[in-house]
Amino acid sequence: MSMFKIFDVSGSAASAQTQRLNVVATNVANADTVAGPDGKSFKAHHVVFQTVPMGEPTSQGVQVVNVVESSQEGRKVHQPQHPQADAEGYVTYSNVDPIGEMVDMISASRSYQNNIEVMNTAKSLLLKTLQMGQS
Amino acid sequence: MQNRLTQALDFQSQALVLRAERQRLIASNIANADTPGYQAREMDFAKALRQATQGAGEGALAVTHPAHQTGQLGATDADGLLYARFSQDSLDRNTVDMDRERASFTDNTVKYEATLRFINGSVRSMLDAMKSANQG
């Protein structure tokens, strides 16, 4: 049935945006994490979206195909008194860019809202279609 | 006689099916607003409705050879959908213009509801015509 596919399409997009928001939350939470004894600090993650066909040519959903790790070096701060400082007195923090993450968060939130609104509209249209010829 | 009664309904039901299809298409565009490389697509509603209600559209160029052009404006894919012209280039080659999609979505919603009302209206007039004078 044609209009019901909207729930699949927008639902897949909402779920993909949720996963994106989840990854952003992980990145922001770990923005100030320092490297452990192994010298490896937290690396920011980013989701990769891909179009997924849903039966008909007019319905195309979204899925998260991959979560990639940023390869950028962690930020180094000179803090000789820090317990995790290396031999030269540098502490390696995570490579998270907090401003970029906030922008990503707003973008994910707006896209999520858009898709929910699409679903609400489709729902009200379907309910009106259900009452066809009754009034 | 029966045919003449349902003729208006046939047209409106075709329009309703196409409106639902366009709604789905715009929902797909909105869903893929953040997908890299996604090309937004649009539907030539007038042409689709003409084709659905009259068979092959009048004035359409006959295609008798695979190399023939269909005489349609804009690039289309195999499903006969148009690729929306993008207003601003984006770095990830995504051509969804959210403002335009939201406007089209609202426009399509209103027109879907209007078509529904037309159908309800013709059903009501038919039922009224069937009633006898003393039925109220």
- Task: Search the range B:26-55 for residues that are hydroxyl-bearing (S, T, Y) and pair each with any residue that is not in a helix (DSSP H, G or I) when their beta-carbon atoms are under 6 Å apart and the residues are at least 6 apart or on different chains.
- Result: B:S28/A:S59; B:S28/A:Q60; B:T35/A:F49; B:T35/A:T51; B:T35/A:V62; B:Y38/A:T51; B:Y38/B:N32; B:Y38/B:N94
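What number of residues in the range B:1-35 are in a helix (DSSP H, G or I), among the acidic types (D, E) and at the interface with chain A (Cβ under 10 Å from one of its Cβ atoms)? Working first, answer last.
Let us first name the residues in the range B:1-35 that are in a helix (DSSP H, G or I), namely B:2-31.
Of the ones still in play, those that are also among the acidic types (D, E) are B:10, B:21.
Okay, now just the ones that are also at the interface with chain A (Cβ under 10 Å from one of its Cβ atoms), so B:21.
Residues in the range B:1-35 being in a helix (DSSP H, G or I), among the acidic types (D, E) and at the interface with chain A (Cβ under 10 Å from one of its Cβ atoms): 1 in total.
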- Query: Tally time: how many residues in the range B:38-86 are modelled with pLDDT under 65 and not in a loop (DSSP other than H, G, I, E, B)?
  - Reply: 1
- Can you pull out the residues in the range A:54-70 that are closer than 15 Å to A:G100 by Cβ and either touching a helix residue (DSSP H, G or I) at 6+ places or on another chain (Cβ under 7 Å) or without any contact (Cβ under 8 Å) to a residue 24 or more places away in the chain (or both)? A:V68
- without any contact (Cβ under 8 Å) to a residue 24 or more places away in the chain and either in contact with a His (Cβ under 9 Å, 6 or more places away or on another chain) or over 23 Å from B:R19 (Cα atoms) (or both), is that true of A:A29? yes
- Query: Within the set of pairs 6+ apart or on separate chains, which have a first residue in the range A:71-84 that is surrounded by 13 or more Cβ atoms within 10 Å (Cβ to Cβ), a second that is in a loop (DSSP other than H, G, I, E, B) and small (G, A, S), and C-beta atoms under 8 Å apart?
  - Reply: A:G74/A:A35; A:G74/A:S41; A:G74/A:S94; A:R75/A:S94; A:Q79/A:A85; A:Q79/A:G89; A:Q84/A:A35; A:Q84/A:G36
- Name every residue in the range A:27-49 that is in contact with a Phe, Trp or Tyr (Cβ under 9 Å, 6 or more places away or on another chain) and not acidic (D, E), in order of residue number. A:N27, A:N30, A:A31, A:T33, A:V34, A:A35, A:S41, A:F42, A:F49
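Yes/no per residue for (1) loosely packed, with under 12 Cβ neighbours inside 10 Å; (2) within 12 Å of chain A (Cβ to nearest Cβ); (3) of a type in the set (F, W, Y):
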residue: B:L81; (1), (2), (3): no, yes, no
residue: B:D89; (1), (2), (3): yes, no, no
residue: B:D97; (1), (2), (3): no, no, no
residue: B:R100; (1), (2), (3): no, no, no
residue: B:S104; (1), (2), (3): no, yes, no
residue: B:A114; (1), (2), (3): no, yes, no
- A:E73 passes all but one of (1) in contact with a Leu (Cβ under 8 Å, 6 or more places away or on another chain); (2) in a loop (DSSP other than H, G, I, E, B); which number fails? (1)
- Is it the case that some residue within the range A:92-103 is closer than 19 Å to B:A31 by Cβ and within 14 Å of chain B (Cβ to nearest Cβ)? no
- Hey, any hits in the range A:108-123 for a residue that's exposed (fewer than 14 other Cβ atoms within 10 Å of the Cβ) and in a loop (DSSP other than H, G, I, E, B)? no
- Note on the structure: When A:Q17 is run through (1) of a type outside the set (A, V, I, L, M); (2) at pLDDT 90 or above; (3) more than 30 Å from B:L18 (Cβ to Cβ), the failure sits at (3)
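Can you say whether A:A35 is crowded, with 18+ Cβ neighbours inside 10 Å, more than 28 Å from B:R93 (Cβ to Cβ) and in contact (Cβ under 8 Å) with a residue 12 or more places away in the chain, as far as the supplied structure shows?
Here the answer is yes, as A:A35 does meet what is asked.
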- Task: Please work out which residue is nearest to the chain's Cα centre (by Cα), limiting yourself to the range B:12-32 and to residues that are of a type in the set (V, I, T) and within 14 Å of A:T121 (Cα to Cα).
- Result: B:I26
- Options A:Q19, A:Q50, A:Q60: the member that is within 12 Å of chain B (Cβ to nearest Cβ), closer than 30 Å to B:G80 by Cβ, surrounded by fewer than 18 Cβ atoms within 10 Å (Cβ to Cβ) and touching a strand residue (DSSP E or B) at 6+ places or on another chain (Cβ under 9 Å): A:Q50
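The values are calculated or read from the model by the stated rules, or taken from the named source; none is laboratory data. Just so it is clear, the structure is predicted and the values come from calculations on it, not from any experiment. All Cβ positions, glycine included, derive from the backbone under ideal geometry; neighbour counts span all protein chains shown.
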